[in-house]
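Scroll down for the structure; my scribbles are underneath it.
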C-alpha cells in the first residue's frame, strides 16, 4: 500500500446497538464513596460497609445445605463414639466417687463445700433426679457396683455435652473463615480424641467445662463477625449477650473458666483499642461500644455466676458435713444449726461454750479420755459440733476458798480485762490446765500441753489460772471492749504462770483423740490462732429480762463472698501428691495419663489420641516459630503483614494461640495438685490451631489434594483411637497388645491386669458372671445378687496394678495423715509469726470434696477409773512443776 493511500475508519455502530453495560461490572454492593463512608462511620459501621449486607449469614456462619447434612453425619458418629457401652462399667469410676456423692447431698439438701462452682454438679444432679435417684448410694470406693442409681442417665449429661462440642468445633472453624474440609477435619479430631471421650463418659465436670468453653469461643467469633458487618443491630446484641451467658456458664463449672474470660477479655480490649484509633469513630460512639461490652461481658457473667450460687444455697438448706468450713453466722442459717437467744453478759459463775475464732475448728472441748503420753491427763481438743462436753464454768481465780462451790452465792461480777479466771469442765469436773509438758503432736519447745486436771472437791493449783486479754469488741457496743460480751468480744487467755496463750491450729490429733483438733498453750502464739469468743452464756442469777443476743443471719451476698473465700483457700491448699498427678510441662507431650478404673481384668486409663495430641502440640510450636520469623522479617523492612492472606491467618491462628496460652501457662504458677485433664481446655484450642495451620498450608493446593491429605490425617487418628479404645471403654485386652501400646515408658497402663488371650475372657465370663454383664436400664436399676457382690469384692481384692491402683482425689477433710510431721511444719510457720487466713484443712485433688472438720464421733463417756487413783496420778506430777 502506498503512503498516499488513506485508510478509512470503520463505521460507528448505530445508537441502538451501543452497549449500556456499566464501566465497572463487578462493583461491590456495599461500596461507599467518601461522603457515605463518613455517614456510615458516624453510625458505627465498619470501613466500607453500608450495614445492609446482602445474603449475610448470622455470625458469619454461611453453610451450604450439603454441609449441614455432612455435619449431621459427623454428629451421628460422635453419638456412636461417646455413647458406645456407656453403661460399662456398672461401678464407680475415678472421681465419680466425689461428684456422685455431691449429687446425693443435693438431693438430701445436705450442706457441703467443694472447690468448684455448682453449675456442672447441678446439671448432673438434675439428670439423676429426673430418673429417680433417691440420693442413698454412698459412692464410697472406685469399682463399687452401682445399686439403685441411675448412673447411665447421670453419665449421659456429660456425654451429650461432649457430643455437642463436636459440631461447635465445626461451626467455629467455619466462622473463622476456614474451608469446609478444615472444619470437617477439626470436628472429627474432637470426635476421636480418646482423652475427651474418656472424660465425657463418666460423672465428671470436665466435659461440661470443655463444652461451655467451646460454646463461648463460637459465640465470640460470631459476635466478631457481626461487629465487622454492623454494630448495634439486633443480631449483634444477641451474639454479644450469648457470649456473656456462656462466659458465666464456663466459670460456673470450674474456675478454669477464668482463663476463658481472660481470652475473651483480651480480645475485647483489642477491639476497643482499634476503635479508639479509628478517627471515624467519635468518642461518644466509642463509649457506647465500651458500655455494651461491659454490660454483656462483665455484668452478665457475674450475675449468671451468682445465680448459680443462689440456687446452690436454696437447695442446700440443711446442716451437713460442710458446716465446719463456714462461719458461725453462716451455719446459723442452716436448718439444724440454729441457736436460741443467749445472755449477752458473761459473769463469774456463767456456764459458757467457747469457740475458736480463726480455724473454724469448733468448740473448746474435753472428754473422759486421757492423753496416751505426756502427763496422761484428760484430753482437751476442739470439736466442731454442739455437745454437752463443750460446756465450761467460769469462776473467779482470785477468790479464797473453793471458787467452784461459792460462785452462786456471790454477787454478780462481770468478766473484764485482766480478770484471773478458772474454767471448769462441767461433765468431768476437770479444770482447764497447762504445765511444762510437750503436746502430744506439736512437740516443740514453745508449746505446752493443755489438759483437764483435778477431781470433784479439789480446788486445783495455780496452773489452772488464766488471764483474760480482750483484743476486739463490737464497734456498736463500747462495753464489749471493756468486759467479755457473748458473741461480741474476742479475747485471749494467757496462762498465769508460764505466760503462754491458749492456742489451736489446723493440726488433728490421732485416732486416740478421734481426730479432733489439737489445743495447746503457745508461748509464741500468733494472734489469729489464739483468739476465742463466748458463743453461749447461762447464769442462774441473771434476771429473766436480762439482755440476750444471737447471731445475725447473713444475707446472700455475705454468704456468697464467704464461700468464695473458703473455695479459694481450699483450692490453694491442694498440695498433697496423688499417684497419678502431673506437672504442666508433661501435658503437651502427653507423658503420662491417669488410671481411672481397674476391675475384672479390664482397665480405664485416661490417655489422649497420640496423633491428635502431638500434632496439635507441633502446630502450637510451628505458629510460634513462624510468627517469630515474620517479626524478624518485619524488623528488616519486609512487608509481610500487608499481605491479606498473612493478616487473615495471623489473626485466626493468633486468637487460637492466645486461647491455648491462657488456658495452659497459668498452671505453671500453681503449686497445687494438677492432673492431665487440666490440659483439656487448652487442648481444644490447640486442635483448632492445628486445623488453622492445615488450612494455611493447603491453601494453595487443589481441593482434591487437600481432601486427600485430610483423609490421611484422619485415618491415622482413627487408627490411634481404635488401637487404644480398650482403655477408653474398659474392654477386654491382652497383655501383649497392652505392652505393645506403651509407646512411652511413662504410659503406665496396668498390663498385668489383662489376660493373655481374648478367649480367656469368654471362659471367665461363662464361669463367673460379674455384675457388669447385666444390662441396666437408663436409670441403672439392675438388681445385683449378694453372691455376685462377694465375687466382685474378691476380684477387686486380688487385682494387681503395675504402677498403682486407680485412685480418686482424696476427700479434703477426710485424710489420715502423719499428725506429728504436719504439726512440726505448722509449728515452724507459727514460730516465724506467719498468720494464715482461716481455711479448712486440705487434702488432695482438684476434684475433691472438702469434708467439714467433722471429727470422728466419740463414744459416750463410760465408767472412769477410781477417782482416788486418778487423783494420785494427776496431782503429784503437777505439784512438782507448780
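The values are calculated or read from the model by the stated rules, or taken from the named source; none is laboratory data. Computed from a predicted structure; not experimentally measured. Because the Cβ atoms are built from the backbone with ideal geometry, glycine has one as well, and the counts that use them run over all protein chains shown.
If the condition is being part of a loop (DSSP other than H, G, I, E, B) and either farther than 16 Å from residue 383 by Cα or assigned by TED's automatic domain parsing to the domain that holds residue 542 (or both), then segment 320-336 contributes 332, 333, 334, 336. With respect to the conditions (1) surrounded by fewer than 16 Cβ atoms within 10 Å (Cβ to Cβ); (2) in contact (Cβ under 8 Å) with a residue 40 or more places away in the chain; (3) not assigned by TED's automatic domain parsing to the domain that holds residue 201, residue 591 lacks only one, and its number is (3). Every residue in segment 144-153 that is touching a residue at least 60 places away in the same chain (Cβ under 8 Å) and either under 17 Å from residue 205 (Cα atoms) or within 27 Å of the chain's Cα centre (by Cα) (or both), please. Passing the criteria: 145, 146, 149, 150, 151, 152, 153. Only one entry in 574, 509, 561, 497 is under 30 Å from residue 307 (Cβ atoms) and in contact (Cβ under 8 Å) with a residue 12 or more places away in the chain, namely 574.
Just checking, does segment 270-282 include any residue being surrounded by 20 or more Cβ atoms within 10 Å (Cβ to Cβ), under 27 Å from residue 666 (Cα atoms) and at pLDDT 95 or above? Scanning segment 270-282 turns up no residue that is surrounded by 20 or more Cβ atoms within 10 Å (Cβ to Cβ), under 27 Å from residue 666 (Cα atoms) and at pLDDT 95 or above. Counting only strands (runs of 3 or more DSSP E) wholly contained in segment 397-512, the ones carrying 3 or more residues that are within 22 Å of residue 539 (Cβ to Cβ) and over 40 Å from the mean Cα position of the chain (by Cα) occupy 420-425, 430-434, 466-472.
Each residue in segment 75-90 was checked for being over 12 Å from residue 198 (Cα atoms) and modelled with pLDDT of 95 or more, and 6 pass. Going by what's in this entry, would residue 553 be described as touching a helix residue (DSSP H, G or I) at 6+ places or on another chain (Cβ under 8 Å), more than 25 Å from residue 387 (Cβ to Cβ) and in contact (Cβ under 8 Å) with a residue 12 or more places away in the chain? Against the criterion (touching a helix residue (DSSP H, G or I) at 6+ places or on another chain (Cβ under 8 Å), more than 25 Å from residue 387 (Cβ to Cβ) and in contact (Cβ under 8 Å) with a residue 12 or more places away in the chain), residue 553 does not qualify. The residues listed here are 285, 316, 297; of these, the one that is within 22 Å of residue 216 (Cβ to Cβ) and touching a residue at least 24 places away in the same chain (Cβ under 8 Å) is 297. Taking residue 290 as the residue in question, decide whether it is farther than 30 Å from residue 113 by Cα and either out of contact with any strand residue (DSSP E or B) (no Cβ under 7 Å at 6 or more places or on another chain) or buried (at least 19 other Cβ atoms within 10 Å of the Cβ) (or both). Criteria met by residue 290. Annotation note: of 596, 657, the sole residue that is surrounded by fewer than 23 Cβ atoms within 10 Å (Cβ to Cβ) and either out of contact with any helix residue (DSSP H, G or I) (no Cβ under 6 Å at 6 or more places or on another chain) or not in a loop (DSSP other than H, G, I, E, B) (or both) is 657. Reported count of residues in segment 259-285, each being over 18 Å from residue 655 (Cβ atoms) and assigned to a helix (DSSP H, G or I), is 4. Here is the figure for segment 124-153: residues that are surrounded by fewer than 20 Cβ atoms within 10 Å (Cβ to Cβ) and either outside the structural domain of residue 96 (by TED's automatic domain parsing) or assigned to a helix (DSSP H, G or I) (or both) total 3. The set of residues in segment 212-263 that are crowded, with 22+ Cβ neighbours inside 10 Å and closer than 13 Å to residue 305 by Cα comprises 244, 246, 247, 248, 249, 250, 251, 252, 253, 254, 257. Scanning segment 533-549 for residues that are within 18 Å of residue 481 (Cα to Cα) and not in a strand (DSSP E or B) gives a single hit, 547.
In this entry, residue 369 is excluded by the filter for residues that are in contact (Cβ under 8 Å) with a residue 24 or more places away in the chain, in contact with a helix residue (DSSP H, G or I) (Cβ under 9 Å, 6 or more places away or on another chain) and surrounded by 21 or more Cβ atoms within 10 Å (Cβ to Cβ).
Residues in segment 244-255 that are touching a helix residue (DSSP H, G or I) at 6+ places or on another chain (Cβ under 6 Å) and part of a loop (DSSP other than H, G, I, E, B): 254 only. Are any residues in segment 713-748 within 26 Å of residue 762 (Cβ to Cβ), part of a loop (DSSP other than H, G, I, E, B) and free of Cβ contacts under 8 Å to residues at least 24 places away in the same chain, and if so, which ones? Result: 741, 742.
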